[in-house]
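S.K.: Okay, here's the structure, questions in a sec.
Only the coordinates and a few stated rules stand behind these numbers; no lab work does. Note that the structure is predicted; figures quoted are calculated from it, not measured. As a convention, Cβ positions derive from the backbone with ideal geometry for all residues, glycine included, and neighbour counts pool all protein chains shown.
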Amino acid sequence: MIPGFFKKYMDPLFSTKAAGVYMIIFTAVIGMATFIENDFGASATQKVVFKTWWFELTLVLFSLSILANISRFRYDLYFVFLRTRKKIANVVPLITKNEVALLSPSGNSTIYA
């Protein structure tokens, strides 16, 4: 019962798309709050935007969706990191002195012939 409930109702609330929607809503509200503060002062902005239930709900949903996505994709990123590290370890011994001189960030390196 509980796993089906989470899959059906909670997964759409904490998906990656939902996190994007929450971020867009959050940035729009913060932008709106900037204009309100500019015209009416900080105390009006606190009353109208920052101390309202819907702003706190937006923050909670955004935070929880970010945490859910971190926990969801953490293992995938770990395995991608391991695969990339193994590929780099295989390529690094093949780099010769010529490539090292060309890859130097300073540009002052001597190119070995």
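S.K.: Calculate, in nm to one decimal, what residue 69 and residue 35 gain on full extension: separation in residues at 0.36 nm each, minus their alpha carbon distance. Before the final figure, lay out each step's value.
M.R.: Details: separation 34, 0.36 × 34 = 12.24 nm, distance 3.18 nm.
Residue separation times 0.36 nm, minus the Cα-Cα distance, leaves 9.1 nm.
S.K.: Can you compute the FRET efficiency between residue 16 and residue 54 using 1/(1 + (r/R0)^6), with r the Cβ-Cβ distance and R0 = 25 Å? Round to the nearest 0.05.
M.R.: After rounding, the FRET efficiency stands at 0.65.
S.K.: Further question: Just check region 3-58 against the gyration tensor rule for me: Cα atoms, a ≥ b ≥ c as the square roots of the eigenvalues, rounded for a/c under 1.5, and otherwise prolate or oblate depending on whether a/b exceeds b/c.
M.R.: Because a/c hits 1.5 or more and a/b fails to exceed b/c, region 3-58 counts as oblate.
S.K.: Tell me, in nm to one decimal, what length is gained between residue 8 and residue 23 on full extension, where the rule is 0.36 nm per residue of separation less the Cα-Cα distance? Numbers along the way, then the final one.
M.R.: On the way: separation 15, 0.36 × 15 = 5.40 nm, distance 2.25 nm.
Taking 0.36 nm per residue and subtracting the Cα distance, the gain is 3.2 nm.
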